[in-house]
Amino acid sequence: MALLTCHFFSEALGVSTAVTVLLPESARGQIGMGGVETAGPPPVLYLLHGLSDDETIWLRRTSIERYVAERGIAVVMPRAGRSFYADEVHGSAYWTFLSDELPRVVQHFFRVSDRREDTFVAGLSMGGYGAFKWALRQPWRFAAAASLSGALVVGGDRARYLRDELTPHVWDGTDPAGTDDDLLALLDRADPAALPALYATCGAQDDLVDTQHAFVERAAARGVAVDAHVHPGRHDWAYWDEHVQRVLDWLPVGG
């Protein structure tokens, strides 16, 4: 794999930002590392970080480079701060950056596929929420979306601590229930036939597992299929390093 750190000016954010990118290469002569030849632009996975991290974290805490090398998938890991991938009330327009500007930047700078069937999104914790929000709001963009230990409920009393203590800059004390930042409301408005495939996994000992249950229950009520799993584990990198491999196995690469 080729590893690139790309610094560029974001019009949506009004500042320079960065993405970490993995691009496939055959690497036949590299000891201990495989690779695949691709006839055309490779499929691309947008991989989103959690609340306390940045665009480098997946590379630092997992073996994501090794896992995708044998699959021939490009990976784009953007920086999003503590934004919950939203246009912050007091901060920056991270939703606009993610959903509008970033795909155009990626297509401008890198040789990756722009076909829906070759485009995927996944993330952990805050990034799991971001992945599902992106998939539900722009279902035409993705073939599949995955949440690992996602914070999948941001509205109502159960998410008050998240809004008031962890991310007051995002919603400024207002409750996003019913808005386009509320995944449950997005499910209510979604056309099940138009959505990408959805995959959710969470540790049984994770405090966020109840939010996955709530999302899956609402999805079932709306006729939206979710490939959902709960395994022994906590909100930590041991879980995410193991289960991102299961997500990669699940992705419909070559579909």
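What follows is calculated from the coordinates using simple rules that are stated; it is not laboratory data. Bear in mind that the values here come from a model prediction, so they are computed numbers and not experimental data. A quick note on method: Cβ atoms are made from the backbone with ideal geometry, for glycine too, and the neighbour counts reach across all protein chains shown.
So that you can scan it fast, the table gives a plain yes or no per residue for (1) surrounded by fewer than 16 Cβ atoms within 10 Å (Cβ to Cβ); (2) within 15 Å of the chain's Cα centre (by Cα); (3) among the β-branched types (V, I, T):
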| residue | (1), (2), (3) |
| --- | --- |
| T5 | yes, no, yes |
| S10 | no, no, no |
| P24 | no, no, no |
| G34 | yes, no, no |
| T38 | no, no, yes |
| L48 | no, yes, no |
| I57 | no, yes, yes |
| I64 | no, yes, yes |
Practice problem: Consider V230 carefully, then state whether it is touching a residue at least 12 places away in the same chain (Cβ under 8 Å) and either part of a loop (DSSP other than H, G, I, E, B) or charged (D, E, K, R) (or both). | Solution: no
Quiz item: Which one of D100, D87, D54 is under 25 Å from D180 (Cα atoms) and in contact with a Lys or Arg (Cβ under 6 Å, 6 or more places away or on another chain)?
Solution: D54
Practice problem: Sort through A143, A122, A131, A135 and tell me the only one that's surrounded by fewer than 24 Cβ atoms within 10 Å (Cβ to Cβ), among the small types (G, A, S) and in contact (Cβ under 8 Å) with a residue 40 or more places away in the chain. | Solution: A143
Quiz prompt | Scope the range 74-95; condition of a type in the set (V, I, T) and more than 15 Å from L48 (Cα to Cα); matching residues | solution = V89
Quiz item: Can we say L162 is surrounded by 14 or more Cβ atoms within 10 Å (Cβ to Cβ), among the hydrophobic types (A, V, I, L, M, F, W, C) and without any contact (Cβ under 8 Å) to a residue 40 or more places away in the chain?
Solution: yes
